[in-house]
1. State the number of residues belonging to segment B:250-281 that are under 16 Å from the mean Cα position of the chain (by Cα) and under 22 Å from B:Gly205 (Cβ atoms).
2. Only one of B:Val184, B:Val198 is crowded, with 19+ Cβ neighbours inside 10 Å and either within 14 Å of chain A (Cβ to nearest Cβ) or in a helix (DSSP H, G or I) (or both); which?
3. Restricting attention to segment B:295-326, which residues are β-branched (Val, Ile, Thr) and crowded, with 23+ Cβ neighbours inside 10 Å?
4. Report, by residue number, each residue of segment B:35-58 that is among the charged types (D, E, K, R), outside any loop (DSSP other than H, G, I, E, B) and in contact with a strand residue (DSSP E or B) (Cβ under 7 Å, 6 or more places away or on another chain).
5. Residues that are under 30 Å from A:Leu182 (Cβ atoms) and either under 23 Å from the mean Cα position of the chain (by Cα) or surrounded by fewer than 16 Cβ atoms within 10 Å (Cβ to Cβ) (or both): does segment A:48-71 have at least one?
6. May I ask you to list the residues in segment A:156-187 that are over 20 Å from the mean Cα position of the chain (by Cα) and away from chain B (no Cβ under 14 Å)?
7. Here is a list: A:Pro63, A:Pro80. Which entry is under 28 Å from B:Leu130 (Cα atoms), touching a Phe, Trp or Tyr at 6+ places or on another chain (Cβ under 6 Å), modelled with pLDDT under 85 and not basic (Lys, Arg)?
8. Name the single residue, out of those in segment A:234-248 being within 9 Å of chain B (Cβ to nearest Cβ) and hydrophobic (A, V, I, L, M, F, W, C), that is surrounded by the most Cβ atoms within 10 Å (Cβ to Cβ).
Amino acid sequence: MTVDFIYDLLNDLLPSYSGNELLLIIAMLLPFFALFGFITIYGFGVIYAELKVSSFIQDKTGPMGQGYGFHAGKWGFLQPVADGLHLFFKEDIIPSTADKPLFILAPFLIFIGMFVGIIAIPFGEAIIISDMNIGIFYILGIGSLAVIALILAGWSSNNKWALYGGMRSAAQIISYEIPAGLSLIVVILLASSLSMQEIISYQSGGMFNWIIFDNPFMPIAFIIFFISALAETNRTPFDLPESESELVAGFVTEYSGARYAFFFLSEYVNMFVISSVATTAFLGGWQSPFPNFLNTPSWSVFWMIGKAFFLVFIMIWIRWTVPRLRVDQLMHLCWKVFIPIGLFNIFGVSIWTVLRG
Amino acid sequence: MGVIRGEEMVLNIGPQHPATHGVLRLQVRTDGEVVSQITPYMGYLHRCFEKHCENVTYEQVIPFTDRCDYLSSMSMNFGYVVAMEKLMNIKVNDRVEHIRIVMAELQRIASHLLCTGVFGLDLGAFTPFLWALRDRERILDLFELTCGARLLYNYMWVGGLSHDIPVGFVESTFEFLDYFEPKVDELENILAHNKILVERSADIGVMPKDVAISYGVTGPNLRASGVNWDLRKNDPYSIYDRFEFDIPIGQGIKGTVGDCWDRFYVRILEIRESVKIVRQALASMPKDGDVHQSLPKKIRPPKGAIYARTETPRGDLGYYIESDGSPIPYRLKMRSPAFTALSVIDEIGAGWLLSDVLAILGSLDIVLGEIDR
């Protein structure tokens with residue numbers, strides 16, 4: 001699904017316009033709209049999942065509705081739509097004391113950071129918007145853009161709670177990128193490539209060839225990466241930047257309406273991006289868990305999204321189960337537990353690779 | 001911590017803040033995340049109840065007591081009627097006493113459920129809160145069955161009760177207790193022994209014995225500090241001396257005696273003890289007896305004053321009632337347990353991180369309706 005591929009296809013289909021600049025623009029826009037559509041559908045799906053999974057955990061029914069129309073749809077299917085519409089039709093308030101340009105910039109910045117990350121995620125052998133040779137590095141790098149947005153949001157709101165939230169999130173996300181990076185380094189060591197597709201092709205041939213089962217160090221690396229991912233997406237137990245019982249709503253305290261919706265959606269998109277990275281790096285990416293079973297290109301989308309959704313589900317599950325850590329405990333966990341283990345992991349995997357030959 | 005000092009910032013937690021359990025304003029001085037001073041400002045919910053009581057008859061005071069500690073209205077009723085009956089020398093029959101104790105202990109369970117759930121919520125655990133509310137709902141249903149109200153009951157009257165318990169109440173209550181006891185274990189498992197919750201609450205906000213006593217802290221907060229003091233045992237009122245139950249005290253299982261975890265855990269243990277009391281009271285409840293038997297025609301206590309105290313879910317509730325012989329109280333004063341519990345917040349909360357201060361506040365289980373009155 002790369003741009004070149006679509007461009008060639010369009011050239012073949014519309015010979016009279018062959019070589020036209022317009023086709024190139026269309027070829028660029030098509031994946032963009034496909035992605036945008038995917039994010040929208042995914043957003044509705046995951047918000048519905050969050051509502052329903054939390055309901056089952058909390059022994060309540062969650063959104064329920066009868067029929068269609070202005071009810072929330074059968075089993076409340078339309079609840080996320082209603083929530084979205086509600087947010088977009090709300091009055092958009094910008095506090096008079098806020099730093100207006102930065103206040104407006106922050107939600108766009110965070111959304112761009114999340115959105116641009118998706119283009120490097122492979123959904124199949126050919127279904128990837130941009131198969132760059134530094135894919136995994138690119139996603140980690142672009143993910144850091146969120147920190148700037150969060151600090152901007154916290155600072156420009158001119159609100160003490162928002163400031164606390166922004167500062168906490170900056171400290172948290174920057175810290176947890178290190179253990180996440182350290183556990184990805186061991187993957188890169190094994191696959192000897194930074195390209196997402198090459199990491200996946202290293203793991204072909206059933207689930208026991210997945211990197212997570214490659215050697216005894218890899219489950220540890222996976223757990224470190226997954227917990228760091230929770231911290232990077234600001235999910236419980238690491239939801240300190242927006243901890244509602246401490247900081248009111250953290251960095252989004254002053255945001256309302258559509259701007260709030262951007263922050264909200266970007267958290268969920270970020271969950272998907274980081275789960276996809278975990279899937280790619282540890283769980284075989286778009287490959288079937290069994291060799292020669294549903295391992296066709298059309299099923300690859302299913303496997304990729306299915307595995308990523310499973311990890312997203314675990315994130316939701318954890319969110320509704322455990323309390324929240326404190327700032328210093330968060331830092332302790334990162335710097336004194338994960339980073340030493342991560343470094344040891346690199347050492348261990350290097351020796352393992354050398355000994356295995 | 002504390003070596004690098006930055007500029008201090010004054011932060012107002014509340015009056016509209018999710019963690020203040022009502023409309024309380026805590027003005028805190030913070031250096032980064034470290035809180036150096038906490039000043040509670042209260043009165044946002046002040047409704048002049050004590051002054052109002054000087055203008056209404058003794059019967060009409062009872063709804064005011066409901067609205068003070070709205071999370072344990074039965075216990076507030078109970079304290080008032082105990083004081084009034086002592087002042088007027090009224091002896092109520094055994095059935096009334098048993099029903100009162102069943103109601104007060106069910107109310108204690110409901111109140112502690114909310115407290116433990118909200119403590120989890122303050123620490124970021126959302127699910128146990130809803131579990132606790134689910135079970136509290138069953139207790140409110142029982143109250144609704146009895147007197148029609150779910151929050152403000154006006155159930156206990158001077159010399160009796162407003163209604164007798166309905167047919168089937170005893171069976172429904174036993175049924176509830178059978179359902180509820182495993183749920184307490186569930187609540188304890190998901191909260192009390194959760195590693196993160198222990199890290200967040202053990203050794204935090206330690207309230208030593210002497211501090212607790214000198215501030216006049218009572219109830220579960222005092223018992224968590226290791227002081228064995230419960231009016232139901234130490235100064236029995238009503239018929240509490242007939243029942244078998246233990247007074248759980250804080251033992252510092254996960255940290256120091258008197259930390260947040262102890263304050264939280266003592267409440268879970270007290271829920272179990274209350275279940276025991278309710279079971280005994282239901283089993284020994286006399287079948288007959290009119291709940292209106294000793295109701296005075298007109299409440300006109302003799303000239304004099306009385307101070308009576310009872311154990312509410314939050315601690316010693318004292319009523320000082322001064323009568324000048326008229327049907328209207330001359331002066332009514334409440335000694336409310338949550339007020340003293342809040343006053344200790346600066347002593348035990350200063351020096352901790354912002355997140356800890358809110359955990360400490362949650363563990364003290366304050367109700368602003370009763371603090372502001």
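1. The qualifying residues number 9.
2. After applying the criteria, what remains is B:Val184.
3. B:Thr310, B:Thr312, B:Ile321
4. Across segment B:35-58, the qualifying residue is only B:Glu50.
5. yes
6. A:Ser156, A:Ser157, A:Val186
7. Residue meeting the stated conditions: A:Pro80.
8. So, considering only residues that are within 9 Å of chain B (Cβ to nearest Cβ) and hydrophobic (A, V, I, L, M, F, W, C), the one surrounded by the most Cβ atoms within 10 Å (Cβ to Cβ) is A:Leu247.
The values are calculated or read from the model by the stated rules, or taken from the named source; none is laboratory data. The structure presented is a predicted model; accordingly, all values stated were derived computationally and were not measured. Cβ sites come from the backbone with ideal geometry, for glycine too, and all protein chains shown count toward neighbours.
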